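The values are calculated or read from the model by the stated rules, or taken from the named source; none is laboratory data. Quantities reported herein were computed from a predicted structural model and do not represent experimental measurements. Note that each Cβ is placed from the backbone with ideal geometry, even for glycine, and that neighbours are counted across all protein chains shown.
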């Protein structure tokens, strides 16, 4: 009886834990972690929320690059009737696990209820740290060509550069992928001024957070890695007192 | 002495309260509200966080469209030595108050410390409600031409449409602005299939939340208003069990 009841109650909650600082994780995410029978996640993210986990929960951690196994395991455990929480850094819906979970659920043809709890994404957190760079239309582009053809990424960069979008770059560089950020910079430089402000944030809200303000011309001199988000301003973006700010248009319309 | 000390401690914290549900507001935002001597905000957002306010705080509410007065007042009170919290819906850094605060601070040449607390933006919340539509590169575009020339908005729509970005549309329509969403739809339709999935969310996470899944061809039949966010899929976006999902590319690379 208990087993049967459990079986009908299996659920998968995909939990956005935010950028890293515990006090930027939504209470709804905290509750989902507390109520989970099983918590599944990539080791680094589990470490960030260790203090929030229920001692009664089973914790299954895995290494990087094992996303598919991790998501499939989480779905299988939910199908077995468990209340499962899958931990994601940032927002599960932005370059994280939400999409893969649904793709796998479709392949498995499961009817397990899947709930996504949004989180403060890297782009939200980095913008707040830098000042207000995303106040006008922006595009988020991942430079990882592991699963996306580079030609498409380049096409997207070339589309948004002259249309004066603020550009948020995810996955700018890894040990093996070092050239993409150079090419992205060059594409933007073809239609944007060399002194366009650029903000570079690594490890946002974590202990090792670093923040640098530079320019499109000089940005490649800065250290950029796996945990770095790069925000490139539009033609109106300015720097004032170490803050990067994109005006919304109040000044033009109303004077300030 | 006390006065002088206060005077040197004036601060302005721009607080993202998230989409509306209290349990999606970060604890850091909650703390900032509790610690504020003065809380300033647009009435609707103050109502959403009423239960979180410190009874000892002074609350200054204002009507819509008074953003400049509201931000200037908040800065002036901080200059007078008060700990001021300025309440913003969603994320202060995405089409909200963070940019205007810095623009005004520069004009006023104030040295008041300004801190931005990020929040779960409408785009994060609506994506989670819809499933996982933002899993690949996306662009956020506001259709409000009150402060941005329509030609530029149109140029941006025309740039991202063929480059196959998922498109998040803010401010799609108001009582006075009814034509912009029609033109935006037509621009996207010129380079995207009529059956491209479109998610329409109004009042995300609030009591009157409504969620509709439709297509690019049919989207104008749905009710769209001031509190609506529209997410238009890319060429890979699909609908499965009432969820809108943009694949990341795992299937192509690994098979699933």
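Looking at residue A:96 and the list (1) within 11 Å of chain B (Cβ to nearest Cβ); (2) in a strand (DSSP E or B), which single condition is not satisfied?
Every listed condition holds for residue A:96 apart from (2).
Out of all the residues in the range A:232-255, which are buried (at least 24 other Cβ atoms within 10 Å of the Cβ) and either touching a helix residue (DSSP H, G or I) at 6+ places or on another chain (Cβ under 8 Å) or under 20 Å from residue A:205 (Cα atoms) (or both)?
A:232, A:244, A:245, A:246, A:248
Let me confirm something: among A:43, A:50, which residue is exposed (fewer than 15 other Cβ atoms within 10 Å of the Cβ) and touching a strand residue (DSSP E or B) at 6+ places or on another chain (Cβ under 6 Å)?
Numbers: A:50 fails: touching a strand residue (DSSP E or B) at 6+ places or on another chain (Cβ under 6 Å).
Answer to the selection: A:43.
Would the range A:80-89 turn up any residue that is modelled with pLDDT under 95, loosely packed, with under 15 Cβ neighbours inside 10 Å and either more than 23 Å from the chain's Cα centre (by Cα) or not assigned by TED's automatic domain parsing to the domain that holds residue A:147 (or both)? It would help to see each step written out before you state the result.
Of the residues in the range A:80-89, the ones modelled with pLDDT under 95 are none.
The answer is no, given that none of the residues of the range A:80-89 is modelled with pLDDT under 95, loosely packed, with under 15 Cβ neighbours inside 10 Å and either more than 23 Å from the chain's Cα centre (by Cα) or not assigned by TED's automatic domain parsing to the domain that holds residue A:147 (or both).
Answer yes if at least one residue in the range B:154-163 is modelled with pLDDT of 95 or more, part of a strand (DSSP E or B) and either over 19 Å from the mean Cα position of the chain (by Cα) or over 30 Å from residue A:253 (Cα atoms) (or both), and no otherwise. First the steps, then the outcome.
So the first thing to find is which residues in the range B:154-163 are modelled with pLDDT of 95 or more, and the list is B:154-163.
Subset that is part of a strand (DSSP E or B): none.
No; the residues of the range B:154-163 include none that is modelled with pLDDT of 95 or more, part of a strand (DSSP E or B) and either over 19 Å from the mean Cα position of the chain (by Cα) or over 30 Å from residue A:253 (Cα atoms) (or both).
Residues to consider are A:185, A:192; find the one that is over 25 Å from the mean Cα position of the chain (by Cα), surrounded by 19 or more Cβ atoms within 10 Å (Cβ to Cβ) and either modelled with pLDDT of 95 or more or away from chain B (no Cβ under 14 Å) (or both).
Details: A:185 fails: over 25 Å from the mean Cα position of the chain (by Cα).
Exactly one of A:185, A:192 is over 25 Å from the mean Cα position of the chain (by Cα), surrounded by 19 or more Cβ atoms within 10 Å (Cβ to Cβ) and either modelled with pLDDT of 95 or more or away from chain B (no Cβ under 14 Å) (or both), namely A:192.
Testing residue B:164 on (1) within 29 Å of residue A:119 (Cα to Cα); (2) more than 8 Å from chain A (Cβ to nearest Cβ); (3) surrounded by fewer than 21 Cβ atoms within 10 Å (Cβ to Cβ), one condition comes back false. Which one is that?
All conditions are met except number (2).
Going residue by residue through the range B:123-133, is there one that turns out to be in a loop (DSSP other than H, G, I, E, B) and facing chain A (nearest Cβ under 10 Å)? If you could, list the steps in order and put the result at the bottom.
Of the residues in the range B:123-133, the ones in a loop (DSSP other than H, G, I, E, B) are B:133.
Now drop any that are not facing chain A (nearest Cβ under 10 Å), which leaves B:133.
Yes, because at least one residue in the range B:123-133 is in a loop (DSSP other than H, G, I, E, B) and facing chain A (nearest Cβ under 10 Å).
Mind checking whether some residue in the range A:100-119 is in a loop (DSSP other than H, G, I, E, B) and buried (at least 22 other Cβ atoms within 10 Å of the Cβ)?
Here is the first cut: in the range A:100-119, the residues in a loop (DSSP other than H, G, I, E, B) are A:109-113, A:118-119.
From what's left, buried (at least 22 other Cβ atoms within 10 Å of the Cβ): A:118-119.
Checked the range A:100-119: at least one residue is in a loop (DSSP other than H, G, I, E, B) and buried (at least 22 other Cβ atoms within 10 Å of the Cβ).
Within the range A:47-58, can one find any residue that is within 21 Å of residue A:9 (Cα to Cα) and either assigned to a strand (DSSP E or B) or within 14 Å of chain B (Cβ to nearest Cβ) (or both)?
Yes - at least one qualifying residue is present in the range A:47-58.
Can you find a residue in the range B:149-160 that is within 7 Å of another protein chain (Cβ to nearest Cβ) and touching a residue at least 40 places away in the same chain (Cβ under 8 Å)?
no
If you scan the range A:162-191, which residues turn out to be within 16 Å of residue A:133 (Cα to Cα) and touching a strand residue (DSSP E or B) at 6+ places or on another chain (Cβ under 8 Å)?
Quick first cut of the range A:162-191, residues within 16 Å of residue A:133 (Cα to Cα) only: A:164-170.
If the condition is that a residue be within 16 Å of residue A:133 (Cα to Cα) and touching a strand residue (DSSP E or B) at 6+ places or on another chain (Cβ under 8 Å), then A:165, A:166, A:167, A:168, A:169, A:170 are the ones that fit.
Only residues that are in contact with a strand residue (DSSP E or B) (Cβ under 8 Å, 6 or more places away or on another chain), more than 9 Å from chain B (Cβ to nearest Cβ) and touching a residue at least 40 places away in the same chain (Cβ under 8 Å): list them for the range A:218-241, please.
If the condition is that a residue be in contact with a strand residue (DSSP E or B) (Cβ under 8 Å, 6 or more places away or on another chain), more than 9 Å from chain B (Cβ to nearest Cβ) and touching a residue at least 40 places away in the same chain (Cβ under 8 Å), then A:224, A:225, A:228, A:229, A:230, A:231, A:232, A:233, A:234, A:237, A:239 are the ones that fit.
Just to verify a result, which residue in the range A:1-42, among those that are in a loop (DSSP other than H, G, I, E, B) and at pLDDT below 95, is nearest to residue A:208 (Cα to Cα)? Before the answer, list the steps.
Going through the range A:1-42, the residues in a loop (DSSP other than H, G, I, E, B) turn out to be A:1, A:9-10, A:17, A:19-21, A:25-26, A:36-37.
From the residues that got through so far, the ones that are at pLDDT below 95 too are A:1, A:9.
Numbers: A:1: 50, A:9: 40 Å.
This residue is A:9.
Which one of the conditions (1) closer than 26 Å to residue B:73 by Cα; (2) in a loop (DSSP other than H, G, I, E, B) does residue B:172 fail to meet, given that it meets all the rest?
All conditions pass for residue B:172, except number (1).
Only one of A:86, A:104, A:75 is out of contact with any strand residue (DSSP E or B) (no Cβ under 8 Å at 6 or more places or on another chain) and either at negative phi or more than 8 Å from every other protein chain (Cβ to nearest Cβ) (or both). Can you tell me which?
On the way: A:86 fails: out of contact with any strand residue (DSSP E or B) (no Cβ under 8 Å at 6 or more places or on another chain); A:75 fails: out of contact with any strand residue (DSSP E or B) (no Cβ under 8 Å at 6 or more places or on another chain).
Result of the check over A:86, A:104, A:75: A:104.
Given the residues A:149, A:172, which is the only one that is crowded, with 22+ Cβ neighbours inside 10 Å and modelled with pLDDT of 95 or more? Walk me through how you get there before you give the answer.
Values: A:149 fails: crowded, with 22+ Cβ neighbours inside 10 Å.
Criteria check complete, one pass: A:172.
I'd like to verify a number: residues in the range A:192-217 that are assigned to a loop (DSSP other than H, G, I, E, B), touching a strand residue (DSSP E or B) at 6+ places or on another chain (Cβ under 8 Å) and free of Cβ contacts under 8 Å to residues at least 60 places away in the same chain, how many?
As a first pass, look at the range A:192-217 and keep what is assigned to a loop (DSSP other than H, G, I, E, B): A:192-196, A:203-209, A:216-217.
Those still in the list that are touching a strand residue (DSSP E or B) at 6+ places or on another chain (Cβ under 8 Å) too: A:192, A:194-196, A:203-205, A:208-209, A:216.
Pick out the ones that are also free of Cβ contacts under 8 Å to residues at least 60 places away in the same chain and you get A:192, A:194-196, A:208, A:216.
Final tally of qualifying residues: 6.
Just to be sure, is residue A:211 crowded, with 22+ Cβ neighbours inside 10 Å and either within 19 Å of residue B:165 (Cβ to Cβ) or more than 12 Å from chain B (Cβ to nearest Cβ) (or both)? Give the derivation first.
Numbers: crowded, with 22+ Cβ neighbours inside 10 Å: no; either within 19 Å of residue B:165 (Cβ to Cβ) or more than 12 Å from chain B (Cβ to nearest Cβ) (or both): yes.
Taking the combined requirement at face value, the residue does not satisfy it.
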